[in-house]
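The values are calculated or read from the model by the stated rules, or taken from the named source; none is laboratory data. Everything quoted here is computed from the prediction, not taken from an experiment. Cβ sites come from the backbone with ideal geometry, for glycine too, and all protein chains shown count toward neighbours.
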Amino acid sequence: MSVHLDAWGLSDVGRQRARNEDSFSIDPERSLYLVADGMGGHGNGDVASRLVVEAVERYFRAHPGDGRPADPEAATESLRAAVGSAQGSLRMAMDEDLSLAGMGTTLVGLLAMDERAVVVHVGDSRAYRWRDGRLERLTRDHSWVDEQVAAGHLSEDQARSHPLKSVVTRALSGESGVEVDARTLSLQPGDRYLMCTDGLTTMLADDEIEARLARGGSLESVCRDLVDQCNARGGLDNITIVLLSVEPAE
Ligand code: CA
């Protein structure tokens, strides 16, 4: 049995920020899904997130074999190579335009093959799996507050409202040697996978996201409801969601 993925993505500026510095992409042909949250560079975070998303997509278009990986190991290697090439694009852009210096971005990406997928990430953008009524976080934030949670110094709730909540300890900023976390998943019909920026997860707790997924509905309606909930609470940051649903192949 094989599966296929349906996807929907939504990016919203929120209620407080003047610009949206998040980017996302959905490539159903390659089953490649990306979410990025840009920062720094004198307000040019949007340039960083867009550049990285486009560079990863371009890498897969230029290396068609990498978009059809034989196994998770090959997929992980391809994703890491694509991120490396995106780092090169960031570096080049900053060399050409000094006003972009200091920009960076998070990235969470999912590449699926048959009944498996690889998730990679850098920074505090997240991936979750919804299965059998439960939401499970698949990524570990590279952030100062997450280190405090892991060490038992902060609760999840305290972390979400902490003044230093957006301090990331790892990001793509054009420097080589950044470690990209990767994990392999097995996909089952009925699973939903949610990828998002911290504009969602600082406004809503995991159990609130879980409760919305439990109500079901189209991918679009779930994304819209989650964004509306964030904005109803003040929409302090840009909110970006890519939601995937695993369907049995016809
Ligand atoms: Ca953000």
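Out of the stretch 9-40, which residues are more than 20 Å from Asp225 (Cα to Cα) and outside any strand (DSSP E or B)?
Ala18, Arg19, Glu21, Pro28, Glu29, Arg30, Ser31, Gly40
Cβ-Cβ distance below 6 Å, separation of 6 or more or different chains: which pairs start in the stretch 234-250 with a residue that is farther than 15 Å from Tyr193 by Cα and modelled with pLDDT of 95 or more and end on one that is among the aliphatic types (A, V, I, L, M) and not in a strand (DSSP E or B)?
Asn238/Val13; Ile239/Leu200; Ile239/Val227
Condition check ((1) crowded, with 19+ Cβ neighbours inside 10 Å; (2) more than 16 Å from the ligand (Cβ to nearest atom); (3) in a helix (DSSP H, G or I)) across all residues:
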residue	(1), (2), (3)
Asp225	no, yes, yes
Asn231	no, no, yes
Gly234	no, no, no
Asp237	yes, no, no
Glu250	no, yes, no
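Quick check: anything in the stretch 180-188 surrounded by 21 or more Cβ atoms within 10 Å (Cβ to Cβ), in contact (Cβ under 8 Å) with a residue 40 or more places away in the chain and in contact with a helix residue (DSSP H, G or I) (Cβ under 7 Å, 6 or more places away or on another chain)?
The answer is no, given that none of the residues of the stretch 180-188 is surrounded by 21 or more Cβ atoms within 10 Å (Cβ to Cβ), in contact (Cβ under 8 Å) with a residue 40 or more places away in the chain and in contact with a helix residue (DSSP H, G or I) (Cβ under 7 Å, 6 or more places away or on another chain).
So which residues in the stretch 163-177 are part of a loop (DSSP other than H, G, I, E, B) and either in contact with a Lys or Arg (Cβ under 7 Å, 6 or more places away or on another chain) or within 14 Å of the ligand (Cβ to nearest atom) (or both)?
Across the stretch 163-177, the qualifying residues are Leu164, Lys165, Ser166, Val167, Ala171, Gly174.
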